[in-house]
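Data first, discussion second: the structure below is written as C-alpha cells.
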Amino acid sequence: MSVAEGLREVRARIERAARAAGRDRAAVQLVAVSKTKPPEAIREAYAAGQRAFGESYAQELVAKADALSDLPDLEWHFIGHLQSNKAKAVATRASVVHSVDSAFLAKELGKRAKERPRPLAVMLEVNVGGEPQKSGVTPGDIAEVMAAVHAQPSLELRGLMTVPPAGDPAIARSVFETLSTLRNLHGGVGALPELSMGMSDDLEIAVACGSTMVRVGTAIFGAR
C-alpha cells in the first residue's frame, strides 16, 4: 500500500469515527507520524495533501525540517520524550510540542522559543496509566506544570496528550476518558482546547472520547 493510499484509508476512518460520535470531522486533526521514515515518504504524503507530521527524536526532526524546507506550510509536531538539552533545536523548528512533562522543561522551551515570530504551542503529556517506563506528568502535577507554561510568554498552552498501554481497547478507552475528565478539572475546553490521543490501532476509540489530534504512523507509512 502506498503512502497516499494509507492516508486515504486513515482519513476515511477518522470520518467514520467522527460521524459515529456525532462530531465534526474538521475537529479532528491528523498528525502523520513520520519518525524513522525518509524525507521522500513525507514528500509523498505532502503531495497527497498532508501537512502535519510528527517526530519523536530531536535530531531527526532537525534533519527532516532542514531537508524539506522547500515545502511550504509544513507543520512539525514533536511527540516524543524531549530532553532539556534538545529544547532549542525543537523550539526553533516545531509548530507544536505534545510532550511537555515537567516545569523545568517548560522553562527551557520558553527560554529557547523567545526568538520565534509567534508562541510555540505546547501540550502536557500526562501519564494517565502510571506506567513507570513512560514519560509524562502525573495527574496530580498538571496544575503545577500548567502554571509553568503560563509563566513563559513565548509558549501557548494548547491541551493534554497521553499514550495508553498497548493492546487492550478497554484500557485505552479508560485512559482516554480519564484524560478528558482531567481536562474538565483544569479549566475545560477554554483552557485546554486540544486532546492529543489515538494512534493507528485505537484512533476510533480516541475520536469517540473527544480527541482533537490523532497521531498515526503505521497505518499511513507501514511498519517501521
remark   = Conditions (1) in contact with a Pro (Cβ under 9 Å, 6 or more places away or on another chain); (2) touching a residue at least 40 places away in the same chain (Cβ under 8 Å) -> Ala103 fails only (1)
task = Would you mind stating whether Gly198 is farther than 11 Å from Leu160 by Cα, small (Gly, Ala, Ser) and in a helix (DSSP H, G or I)?
result = no
task = Give the residues of region 112-136 that are surrounded by 23 or more Cβ atoms within 10 Å (Cβ to Cβ) and of a type in the set (A, V, I, L, M, F, W, C), sorted by residue number.
result = Ala113, Leu120, Val122, Met123, Leu124, Val126, Val128
inquiry  = I'm checking my understanding of the structure. Among residues of region 65-80 that are assigned to a loop (DSSP other than H, G, I, E, B) and within 24 Å of Gly136 (Cβ to Cβ), which one is farthest from the chain's Cα centre (by Cα)?
reply    = Gly80
request  = Go through region 27-39 and count every residue that is over 17 Å from the mean Cα position of the chain (by Cα) and in a helix (DSSP H, G or I).
outcome  = 1
query = Taking into account only those residues within region 1-26 that are more than 24 Å from Glu55 (Cβ to Cβ) and touching a residue at least 24 places away in the same chain (Cβ under 8 Å), which is farthest from the chain's Cα centre (by Cα)?
reply = Ala20
query = If we scan region 114-135, do we find a residue that is under 20 Å from Gly190 (Cβ atoms), part of a loop (DSSP other than H, G, I, E, B), in contact (Cβ under 8 Å) with a residue 40 or more places away in the chain and hydrophobic (A, V, I, L, M, F, W, C)?
reply = no
inquiry  = With the requirement that a residue be over 23 Å from Gly210 (Cα atoms) and surrounded by 13 or more Cβ atoms within 10 Å (Cβ to Cβ), what does region 150-169 give you?
reply    = His150, Gln152, Ser154, Leu155
request  = Examine region 13-27 for a residue that is surrounded by 20 or more Cβ atoms within 10 Å (Cβ to Cβ) and farther than 30 Å from Ala147 by Cβ, and state whether such a residue exists.
outcome  = yes
task = Out of Val122, Val96, Val100, Val137, report the one residue that is aliphatic (A, V, I, L, M) and in contact with a His (Cβ under 6 Å, 6 or more places away or on another chain).
result = Val96
task = Any chance you could count how many residues in region 81-111 are crowded, with 22+ Cβ neighbours inside 10 Å and in a loop (DSSP other than H, G, I, E, B)?
result = 2
request  = Considering only region 36-64, state which residues are surrounded by fewer than 19 Cβ atoms within 10 Å (Cβ to Cβ) and among the basic types (Lys, Arg).
outcome  = Arg43, Arg51
query = In region 49-64, is there at least one residue being out of contact with any Asp or Glu (no Cβ under 7 Å at 6 or more places or on another chain), more than 25 Å from Gly110 (Cβ to Cβ) and not in a helix (DSSP H, G or I)?
reply = yes
query = Taking only pairs six or more apart or across chains, which ones have beta-carbon atoms under 7 Å, a first residue in region 170-189 that is more than 18 Å from Met213 (Cα to Cα), and a second residue that is part of a helix (DSSP H, G or I) and modelled with pLDDT of 95 or more?
reply = His186/Ile142; His186/Ala143; His186/Met146
key: Hits in region 201-218 (condition: more than 19 Å from Ile171 (Cα to Cα) and either modelled with pLDDT under 95 or part of a helix (DSSP H, G or I) (or both))   = Thr218
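The values are calculated or read from the model by the stated rules, or taken from the named source; none is laboratory data. This one's a predicted model, so the numbers in the text were calculated from it and none came from an experiment. So basically every Cβ, Gly included, is an ideal-geometry build from the backbone, and we count neighbours across all protein chains shown.
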